[in-house]
Amino acid sequence: MKVLVFSTSPNQDGLTAACAGAALAGVRAAGGEADEVRLNDLEVGKCQACDNGWGTCRVEHNCQVKDDFQDVHQRSLEADALILVTPVYWGEMSESAKAFTDRLRRCEATRRQESRLSGKPVIAVAAAGGSGGGMITCLASMERWIEHVGLRKFDLIPVNRWSREYKLLTIGAAAEAMTREWVQARAGAAS
Ligand SMILES: Cc1cc2nc3c(=O)[nH]c(=O)nc-3n(C[C@H](O)[C@H](O)[C@H](O)COP(=O)(O)O)c2cc1C
(Lines give C-alpha, C1' and ligand atoms only; values in the text may rest on other atoms or scores of the structure.)
Protein backbone atom coordinates (compact mmCIF):
# COMPACT_ATOMS: atom_id res chain seq x y z
CA MET A 1 0.00 0.00 0.00
CA LYS A 2 1.28 3.43 -0.95
CA VAL A 3 0.48 6.24 1.47
CA LEU A 4 1.31 9.91 0.99
CA VAL A 5 1.83 11.81 4.23
CA PHE A 6 1.42 15.58 3.83
CA SER A 7 3.31 17.67 6.35
CA THR A 8 2.32 21.31 6.05
CA SER A 9 4.30 23.36 8.57
CA PRO A 10 7.45 25.39 7.87
CA ASN A 11 8.85 23.96 11.13
CA GLN A 12 11.04 20.90 10.51
CA ASP A 13 11.04 19.77 14.14
CA GLY A 14 7.74 21.00 15.58
CA LEU A 15 4.51 19.29 16.53
CA THR A 16 3.36 18.88 12.92
CA ALA A 17 6.64 17.19 11.99
CA ALA A 18 6.35 14.85 15.00
CA CYS A 19 2.78 13.90 13.98
CA ALA A 20 3.88 13.26 10.38
CA GLY A 21 6.76 11.15 11.69
CA ALA A 22 4.38 9.05 13.79
CA ALA A 23 2.14 8.55 10.75
CA LEU A 24 5.05 7.48 8.53
CA ALA A 25 6.23 5.01 11.19
CA GLY A 26 2.71 3.58 11.58
CA VAL A 27 2.31 2.91 7.85
CA ARG A 28 5.74 1.28 7.66
CA ALA A 29 5.09 -0.84 10.76
CA ALA A 30 2.15 -2.41 8.91
CA GLY A 31 4.27 -3.10 5.83
CA GLY A 32 3.08 -0.12 3.79
CA GLU A 33 5.12 2.24 1.66
CA ALA A 34 5.01 5.77 3.06
CA ASP A 35 6.28 8.92 1.36
CA GLU A 36 6.35 12.32 3.00
CA VAL A 37 5.41 15.45 1.07
CA ARG A 38 6.59 18.61 2.82
CA LEU A 39 4.37 21.16 1.10
CA ASN A 40 6.31 24.14 2.48
CA ASP A 41 9.41 22.96 0.60
CA LEU A 42 7.50 23.00 -2.70
CA GLU A 43 6.08 25.68 -4.96
CA VAL A 44 2.34 25.18 -4.67
CA GLY A 45 0.67 28.56 -5.07
CA LYS A 46 -2.90 29.47 -4.35
CA CYS A 47 -5.79 28.89 -6.74
CA GLN A 48 -6.11 31.76 -9.24
CA ALA A 49 -9.89 31.30 -9.68
CA CYS A 50 -9.39 31.63 -13.45
CA ASP A 51 -11.99 32.75 -15.96
CA ASN A 52 -15.27 33.58 -14.29
CA GLY A 53 -14.20 31.86 -11.09
CA TRP A 54 -14.85 28.25 -12.04
CA GLY A 55 -11.58 27.92 -13.96
CA THR A 56 -10.49 25.49 -16.64
CA CYS A 57 -10.18 22.78 -13.95
CA ARG A 58 -13.98 22.51 -13.96
CA VAL A 59 -13.81 20.89 -17.39
CA GLU A 60 -10.22 19.66 -17.69
CA HIS A 61 -9.72 18.50 -14.07
CA ASN A 62 -6.15 19.71 -14.11
CA CYS A 63 -4.79 23.02 -12.87
CA GLN A 64 -3.44 25.41 -15.47
CA VAL A 65 -1.18 27.21 -12.97
CA LYS A 66 2.11 25.42 -13.60
CA ASP A 67 4.10 24.75 -10.44
CA ASP A 68 4.72 21.74 -8.19
CA PHE A 69 0.98 21.14 -7.83
CA GLN A 70 0.83 18.93 -10.94
CA ASP A 71 3.36 16.47 -9.57
CA VAL A 72 1.74 16.27 -6.14
CA HIS A 73 -1.72 15.96 -7.71
CA GLN A 74 -0.50 12.99 -9.78
CA ARG A 75 1.18 11.39 -6.75
CA SER A 76 -2.07 11.78 -4.78
CA LEU A 77 -3.99 9.98 -7.50
CA GLU A 78 -1.44 7.16 -7.54
CA ALA A 79 -1.49 6.75 -3.74
CA ASP A 80 -3.83 4.25 -2.07
CA ALA A 81 -4.39 6.51 0.95
CA LEU A 82 -3.55 9.97 2.22
CA ILE A 83 -2.59 11.38 5.62
CA LEU A 84 -2.89 15.16 5.91
CA VAL A 85 -1.18 16.80 8.89
CA THR A 86 -1.57 20.54 9.41
CA PRO A 87 -0.60 22.93 12.16
CA VAL A 88 -3.60 24.87 13.43
CA TYR A 89 -3.33 28.52 12.37
CA TRP A 90 -6.18 30.75 13.55
CA GLY A 91 -8.32 27.67 13.99
CA GLU A 92 -7.77 26.68 10.36
CA MET A 93 -5.36 24.76 8.15
CA SER A 94 -1.96 26.24 7.36
CA GLU A 95 -1.66 28.30 4.17
CA SER A 96 0.34 25.58 2.39
CA ALA A 97 -2.28 22.96 3.29
CA LYS A 98 -5.09 25.28 2.17
CA ALA A 99 -3.43 26.16 -1.15
CA PHE A 100 -2.92 22.51 -2.05
CA THR A 101 -6.28 21.20 -0.84
CA ASP A 102 -8.16 24.04 -2.58
CA ARG A 103 -6.62 23.24 -5.94
CA LEU A 104 -7.01 19.48 -5.51
CA ARG A 105 -10.69 19.98 -4.67
CA ARG A 106 -11.29 22.08 -7.76
CA CYS A 107 -9.72 19.41 -9.99
CA GLU A 108 -11.44 16.39 -8.42
CA ALA A 109 -14.77 17.58 -6.96
CA THR A 110 -15.83 19.00 -10.34
CA ARG A 111 -15.66 15.68 -12.16
CA ARG A 112 -18.91 14.49 -13.66
CA GLN A 113 -17.93 10.94 -12.80
CA GLU A 114 -16.63 10.54 -9.31
CA SER A 115 -13.45 12.10 -7.98
CA ARG A 116 -10.35 10.04 -8.70
CA LEU A 117 -9.76 10.03 -4.94
CA SER A 118 -13.16 8.54 -4.26
CA GLY A 119 -13.21 5.89 -1.54
CA LYS A 120 -9.53 6.13 -0.67
CA PRO A 121 -9.03 6.33 3.08
CA VAL A 122 -7.64 9.48 4.67
CA ILE A 123 -6.47 10.45 8.14
CA ALA A 124 -6.58 14.17 8.99
CA VAL A 125 -4.51 15.55 11.86
CA ALA A 126 -4.85 19.09 13.27
CA ALA A 127 -1.87 20.05 15.47
CA ALA A 128 -2.51 23.04 17.73
CA GLY A 129 0.72 23.94 19.49
CA GLY A 130 -0.22 27.33 20.88
CA SER A 131 -3.32 27.92 23.00
CA GLY A 132 -4.48 24.43 22.08
CA GLY A 133 -7.67 25.92 20.67
CA GLY A 134 -9.00 25.75 17.13
CA MET A 135 -8.44 22.03 16.59
CA ILE A 136 -12.12 21.33 16.04
CA THR A 137 -12.79 24.20 13.62
CA CYS A 138 -9.68 23.15 11.70
CA LEU A 139 -10.82 19.51 11.55
CA ALA A 140 -14.33 20.65 10.54
CA SER A 141 -12.97 22.40 7.45
CA MET A 142 -10.75 19.39 6.70
CA GLU A 143 -13.80 17.16 7.00
CA ARG A 144 -15.74 19.29 4.49
CA TRP A 145 -12.82 19.09 2.09
CA ILE A 146 -12.63 15.30 2.52
CA GLU A 147 -16.32 15.05 1.68
CA HIS A 148 -15.96 17.28 -1.38
CA VAL A 149 -13.15 15.19 -2.86
CA GLY A 150 -14.82 11.87 -1.95
CA LEU A 151 -12.14 10.47 0.33
CA ARG A 152 -13.22 8.09 3.10
CA LYS A 153 -12.72 9.47 6.62
CA PHE A 154 -10.64 6.82 8.36
CA ASP A 155 -9.95 9.15 11.28
CA LEU A 156 -9.84 12.84 12.23
CA ILE A 157 -7.35 13.46 15.03
CA PRO A 158 -6.88 16.64 17.10
CA VAL A 159 -3.61 17.05 18.99
CA ASN A 160 -2.23 19.84 21.17
CA ARG A 161 0.73 20.41 23.47
CA TRP A 162 -0.88 18.58 26.39
CA SER A 163 -2.10 15.58 24.45
CA ARG A 164 1.06 15.26 22.36
CA GLU A 165 2.49 12.14 24.00
CA TYR A 166 -0.55 9.91 23.74
CA LYS A 167 -1.81 11.43 20.45
CA LEU A 168 1.48 10.56 18.72
CA LEU A 169 0.78 6.95 19.70
CA THR A 170 -2.80 7.35 18.43
CA ILE A 171 -1.63 8.72 15.08
CA GLY A 172 0.82 5.84 14.68
CA ALA A 173 -1.88 3.33 15.60
CA ALA A 174 -4.38 4.90 13.18
CA ALA A 175 -1.87 4.83 10.31
CA GLU A 176 -1.02 1.24 11.11
CA ALA A 177 -4.68 0.20 11.29
CA MET A 178 -5.50 1.94 7.99
CA THR A 179 -2.61 0.16 6.29
CA ARG A 180 -3.52 -3.23 7.76
CA GLU A 181 -7.14 -2.84 6.66
CA TRP A 182 -6.02 -2.27 3.07
CA VAL A 183 -3.51 -5.16 3.13
CA GLN A 184 -6.13 -7.52 4.57
CA ALA A 185 -8.76 -6.44 2.04
CA ARG A 186 -6.29 -7.11 -0.79
CA ALA A 187 -5.40 -10.53 0.64
CA GLY A 188 -9.10 -11.38 0.98
CA ALA A 189 -9.81 -10.34 -2.62
CA ALA A 190 -6.91 -12.47 -3.92
CA SER A 191 -7.97 -15.66 -2.07
C1 LIG B 1 -0.28 32.28 12.34
C2 LIG B 1 -0.42 31.30 13.44
C3 LIG B 1 -1.66 31.05 13.99
C4 LIG B 1 -1.80 30.12 15.03
N5 LIG B 1 -3.06 29.83 15.52
C6 LIG B 1 -3.18 28.90 16.49
C7 LIG B 1 -4.46 28.51 16.99
O8 LIG B 1 -5.51 28.98 16.53
N9 LIG B 1 -4.49 27.59 17.98
C10 LIG B 1 -3.36 27.04 18.53
O11 LIG B 1 -3.45 26.23 19.43
N12 LIG B 1 -2.16 27.35 18.03
C13 LIG B 1 -2.04 28.26 17.04
N14 LIG B 1 -0.81 28.54 16.54
C15 LIG B 1 0.33 27.78 17.03
C16 LIG B 1 0.57 26.58 16.14
O17 LIG B 1 -0.55 25.74 16.06
C18 LIG B 1 1.72 25.80 16.73
O19 LIG B 1 2.88 26.54 16.58
C20 LIG B 1 1.82 24.45 16.14
O21 LIG B 1 2.69 23.72 16.98
C22 LIG B 1 2.34 24.57 14.76
O23 LIG B 1 2.96 23.42 14.38
P24 LIG B 1 4.52 23.34 14.32
O25 LIG B 1 4.97 22.95 15.69
O26 LIG B 1 4.73 22.32 13.29
O27 LIG B 1 5.01 24.69 13.93
C28 LIG B 1 -0.67 29.45 15.52
C29 LIG B 1 0.59 29.70 14.95
C30 LIG B 1 0.71 30.60 13.92
C31 LIG B 1 2.08 30.80 13.30
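The values are calculated or read from the model by the stated rules, or taken from the named source; none is laboratory data. In this text the structure is predicted, and so the values were computed from the model without any measurement. Here the Cβ positions follow ideal geometry from the backbone for every residue, glycine too, while neighbour counts run over all protein chains shown. These area figures cover heavy atoms from the full protein model, side chains too; ligands, DNA and RNA do not enter into them. Shrake-Rupley method; radii C 1.70, N 1.55, O 1.52, S 1.80 Å.
In order along the range 113-125, the phi-based Karplus estimate (6.51 cos²θ - 1.76 cosθ + 1.60, θ = phi - 60°) of 3J(HN,Hα) comes to 6, 6, 3, 6, 9, 4, x, 6, x, 9, 10, 10, 10 Hz; Gly and Pro are listed as x.
About its Cα centre, the range 75-133 has a charge dipole of approximately 260 debye under the convention of +1 per Lys or Arg Cβ and -1 per Asp or Glu Cβ, with nothing else charged.
Computed over neighbours whose Cβ is under 12 Å from that of A25, the net charge equals -1, Lys and Arg +1, Asp and Glu -1. In square nanometres, what is the average projected area of the Cα convex hull of the chain? Result: a mean projected hull area of 10.7 nm².
Over the Cα atoms of the range 83-191, the radius of gyration divided by the Kirkwood radius equals 1.02; this is the Rg/Rh ratio. W182 contributes about 60 Å² of solvent-accessible surface, heavy atoms of the protein only, 1.4 Å probe.
Remark: relative contact order (the chain) = 27 percent; criterion is Cα-Cα distance under 8 angstrom and separation of 6 or more residues. Per-residue SASA remark: F100, around 0 Å² accessible (1.4 Å probe; ligands, DNA and RNA not included).
Ranked by solvent-accessible area (1.4 Å probe, protein heavy atoms only, all chains present), the residues K66, K2 order from largest to smallest as K66, K2. Taking label points 7 Å from Cα along the Cα-to-Cβ direction, Y166 and N62 give a separation of 4.9 nm. Taking Lys and Arg as +1 and Asp and Glu as -1, the other residues whose beta-carbon sits under 14 Å from that of A79 total -2. With one equal scatterer per alpha carbon and no solvent term, the Debye-computed log10 I(q)/I(0) for the range 66-142 at 0.22, 0.24, 0.27 1/Å reads -1.05, -1.16, -1.30. At a probe radius of 1.4 angstrom, the accessible area of the range 1-156 per residue rounds to 46 square angstrom.
Straight Cα distances below 19 angstrom link K153 to the lysines K2, K98, K120, K167, with same-chain residues fewer than 8 positions distant left out. Heavy-atom accessible area for V183, with the other protein chains in place and a 1.4 Å probe, reaches approximately 60 Å².
For T137, the shell of other residues with beta-carbons less than 12 Å away shows a net charge of -1, using +1 for Lys and Arg and -1 for Asp and Glu. The helix-only estimate of mean residue ellipticity at 222 nm for the chain, built from DSSP H runs of length n ≥ 4 each weighted as -39500 (n - 2.57), is -14500 deg cm²/dmol after division by the residue total.
For the set T137, T101, the ranking by accessible area, highest first and with no ligand, DNA or RNA atoms included, is T137, T101 under a 1.4 Å probe.
Net charge dipole, the range 1-155: roughly 440 debye, given to the nearest 20, about the Cα centre with Cβ charges of +1 for Lys and Arg and -1 for Asp and Glu.
Here the chain exposes an accessible surface that is 49 percent carbon and sulfur, computed with a 1.4 Å probe and the other protein chains kept in place.
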